[in-house]
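The values are calculated or read from the model by the stated rules, or taken from the named source; none is laboratory data. Only a predicted model underlies this, so the values are computations on that prediction, with no experimental measurement involved. Cβ placement follows ideal geometry from the backbone for every residue including glycine, while neighbour counts extend to all protein chains displayed.
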Amino acid sequence: MSDGTERDAFVIATLFPSILNTNGDAANARVLAQRARWAGVANVSLIEVEHAKQMPRDVDFVVVGACSEPDVVRAHERLAAVQPALEAAGTAGVPVLAVGTGWYLLSQRFLTPGRSSEAGLGLFSGSASKRSQRISDDLVVDTAYGQLVGYENHSTDYRLGQGEKPLGTVAYGSGNGDGAEGALTGSLVGTHLHGPILARNPSFADHLLSRALERTGRTLPTSARAQEADRFAANARSAVTTALGL
Amino acid sequence: MRYTAAVLSGRLVRLLARIRKPGGGSAIPGLVVNTIAPGYLGHALKSFPDGLVMISGSAGKSTITKMVVAVLAAHGVEVFTNPSTANIAQGLTSALLERSDLRGRVHQRMAVLELDEGHGAALVERVQPDILLLTNVMVDQIDRFHDSQMVADMLHTMAEATGGTVILNADDAFLMEIAGAPDVLAAIRYFGVSDEVLAANPRGLGYTAMTDVRLPAEDGTLLVSVAAREAEVVHAGEVCRVTLPARGVHYAVDAAAAIETAATILGESFDLALAAKTIGSLPPVFGRGEVVEIGGETVEFILVQNPASYQLNLDSMEANTEQVLLAVGSDVRDPSYLWPVDTSGLGTVNMVTGSKAWDAALQLVYDGVAVDRVEPDLAAGLDAFLALPKPAVGHKTIIFTADAMRRTRVHLGLSVNKETV
């Protein structure tokens, strides 16, 4: 391949982690890589894309974290430089997990630090809009991949666009602001669940990993090595849901 | 006599609070006085004839404040200061009430205050510092100050209000924006690290943004070397060695900041050798590299306050540390805090405990760290860890967050700042 990776490599790209990692969201890429290795997937490669030219041509998974509000304009410029690669990934069914401001920047409209609405990259058909108050609390979402337990910290609502489905419904927290949380369109996932959501919710991680592997005719083997981590994750989730009385 | 009634009320409340809960309740008198006499705090803080010094920023405030106060005392200057746990308005008012006469005045001629960033920015609307030291801007308390710019803006507000001198960390890009700002009228002085010190810390110093060039030695107090607990600083062309209260480059930076601040306060009478000797004789700050004896065994305490300090502390741990307990308490509401940190160097952690133990253990296993045991009940976790046979090399090490630190100290019957209980 032109970028030097073997065809059987499993390539996870995390975009601009030096700015798109406000809440440790880039750790989701580390979690995916570790789970793939634990399951015995060969040649797992984790690429931190800091310049558009580092974007691999053959990519199996893309992680886009959140940036802090003052970095939104800079992050928009950087993401715009890899827009063709992101669109190609979406067309090819490559899973793209986008969190918080990283997700809004890929939608129709995002908010600048001055809270004015600007046109985003349009990979998602929905739009981010102003929310009257910042929310910083646990966020629990019922989805087809189980109940996801995470944290949200934002002052943005999200209105789903044409053809978009929510990731799930809010069991606790604010989410999109209308009882739904997140956006699914094709192989793209947008969510307010920030930080290492895939570590806390391995069923969702494995669903996305399976999709990424199946695209190239591979399967995700079951992994004994993930069991300890998954037990810790189950206890971490139940500590939150018990405290919330869910 | 305007504040006599308020001061008396505060003292009565303090007495009642202490009868109800011995050793505790000390923020309540401040809350009462701030409510019945909102002008009291500003009035009391304006009553220091030799000036008001404020110390703020994301990390290092309490260490630097203790260093500055000790160095001033060694020079014969006794100052009013606040305990590190009373760095917000109620606590500060309570601390002033403890020391004030009935008119609400404190007898010391100068105050050196450690202030939380948010409360500091609010306080300068009422009372302006003569000298301000700003330590750094780190990603801190993600769920309260959601980004670095917000913290930088609050520190900028404090700098605008300062009449005399602002002392800045020359390596922090956010703080250096203050140096060139037209609305900051104070004189500016600096502290920082040399190229060699930065090169020895490839992960950086934990600040959100570093400047591109280092401070020239002639422009302030420069840290030129750190090895374990020994540091070397250059101040006004003089080189001196300082023994640090704990291992770690951040304590060496704190010492440089304290030297620059004390020199600014004392002017001509500042004695660099005396300052270095004083800093070298300070006891370790609570939980910061503090070494205690428990049941005939040496145990080291390490406090982590944010992702950056977590990383710095891990990087400065001795390589052969074989017994480690990690305690993460309810102060870490959002476990995302743990994930920007590379913990792989820990190798094995014997016990993970505290109310966020499962989240902490989860982060460790993804970094390839072996976790022997997870016990969310802190008391049970501590007891089981302390019961392990003594390590063959080195000593047991307890890494904790602030909330877990308080609970650990209470459980082990160690001294606790009254305000923290």
Subject >> Top-ranked residue of the stretch A:203-223 - restricted to ones that are free of Cβ contacts under 8 Å to residues at least 12 places away in the same chain and either assigned to a loop (DSSP other than H, G, I, E, B) or facing another protein chain (nearest Cβ under 9 Å) (or both), ranked as surrounded by the most Cβ atoms within 10 Å (Cβ to Cβ) >> reply: A:Thr219
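Quick one: which residue in A:Asp230, A:Asp157, A:Asp178 is acidic (Asp, Glu) and assigned to a loop (DSSP other than H, G, I, E, B)? Break it down into steps so the answer makes sense when it comes.
On the way: A:Asp230 fails: assigned to a loop (DSSP other than H, G, I, E, B); A:Asp157 fails: assigned to a loop (DSSP other than H, G, I, E, B).
Among A:Asp230, A:Asp157, A:Asp178, only A:Asp178 is acidic (Asp, Glu) and assigned to a loop (DSSP other than H, G, I, E, B).
Pick from B:Pro307, B:Pro283: which is surrounded by fewer than 18 Cβ atoms within 10 Å (Cβ to Cβ) and under 16 Å from the mean Cα position of the chain (by Cα)?
Numbers: B:Pro307 fails: surrounded by fewer than 18 Cβ atoms within 10 Å (Cβ to Cβ).
One residue alone meets the criteria, B:Pro283.
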**OP:** Being within 14 Å of chain B (Cβ to nearest Cβ) and free of Cβ contacts under 8 Å to residues at least 60 places away in the same chain is the filter; apply it to the stretch A:116-142 and report the residue that is surrounded by the fewest Cβ atoms within 10 Å (Cβ to Cβ).
**Re:** A:Gln133
**OP:** Please name all residue pairs, on different chains or six or more residues apart, with Cβ atoms under 7 Å, provided the first residue is in the stretch B:135-149 and is within 12 Å of chain A (Cβ to nearest Cβ) and the second residue is at pLDDT below 55 and in a loop (DSSP other than H, G, I, E, B).
**Re:** none
**OP:** Kindly indicate the residue of the stretch A:40-65 that is within 14 Å of chain B (Cβ to nearest Cβ) and buried (at least 20 other Cβ atoms within 10 Å of the Cβ) and also nearest to A:Asp230 (Cα to Cα) among those meeting that condition.
**Re:** A:Val63
Original post:
From the set of residues in the stretch B:161-190 that are among the acidic types (Asp, Glu) and at pLDDT 95 or above, which is surrounded by the most Cβ atoms within 10 Å (Cβ to Cβ)?
Top reply: B:Asp172
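Picking from A:Ala9, A:Ala27, A:Ala13, which residue would you name as being within 14 Å of chain B (Cβ to nearest Cβ) and either touching a residue at least 40 places away in the same chain (Cβ under 8 Å) or buried (at least 22 other Cβ atoms within 10 Å of the Cβ) (or both)?
Working: A:Ala9 fails: within 14 Å of chain B (Cβ to nearest Cβ); A:Ala13 fails: within 14 Å of chain B (Cβ to nearest Cβ).
On inspection, the qualifying residue turns out to be A:Ala27.
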**OP:** Residues being at pLDDT 95 or above, closer than 24 Å to B:Pro335 by Cβ and of a type in the set (S, T, N, Q): count how many of those fall in the stretch A:145-203.
**Re:** 7
Subject >> Conditions (1) within 14 Å of chain A (Cβ to nearest Cβ); (2) part of a loop (DSSP other than H, G, I, E, B); (3) touching a Leu at 6+ places or on another chain (Cβ under 9 Å); (4) surrounded by 17 or more Cβ atoms within 10 Å (Cβ to Cβ); number of the one not met by B:Thr321 >> reply: (1)
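Is it the case that A:Leu184 is within 20 Å of the chain's Cα centre (by Cα), surrounded by 21 or more Cβ atoms within 10 Å (Cβ to Cβ), not in a loop (DSSP other than H, G, I, E, B) and not polar (S, T, N, Q)? Spell out the reasoning first.
Details: within 20 Å of the chain's Cα centre (by Cα): yes; surrounded by 21 or more Cβ atoms within 10 Å (Cβ to Cβ): no; not in a loop (DSSP other than H, G, I, E, B): yes; not polar (S, T, N, Q): yes.
For A:Leu184, the condition - within 20 Å of the chain's Cα centre (by Cα), surrounded by 21 or more Cβ atoms within 10 Å (Cβ to Cβ), not in a loop (DSSP other than H, G, I, E, B) and not polar (S, T, N, Q) - is not met.
How many residues does the stretch B:334-359 hold that are part of a loop (DSSP other than H, G, I, E, B), closer than 18 Å to B:Pro376 by Cα and facing chain A (nearest Cβ under 8 Å)?
If we filter the stretch B:334-359 for residues that are part of a loop (DSSP other than H, G, I, E, B), which is where we start, we get B:334, B:339-343, B:347, B:350, B:354-356.
If we keep only those that are closer than 18 Å to B:Pro376 by Cα too, we end up with B:334, B:350, B:354-356.
In the following step, the residues that additionally are facing chain A (nearest Cβ under 8 Å) were identified as B:334, B:355-356.
Adding up the residues that qualify gives 3.
For the stretch B:1-29, how many residues are charged (D, E, K, R), at pLDDT 60 or above and over 19 Å from B:Arg105 (Cβ atoms)? So that I can check it myself, show each step before the final result.
Our first condition is that a residue be charged (D, E, K, R); within the stretch B:1-29, this holds for B:2, B:11, B:14, B:18, B:20-21.
Still in the running and at pLDDT 60 or above: B:2, B:11, B:14, B:18, B:20.
Pick out the ones that are also over 19 Å from B:Arg105 (Cβ atoms) and you get B:18, B:20.
Selection size over the stretch B:1-29: 2.
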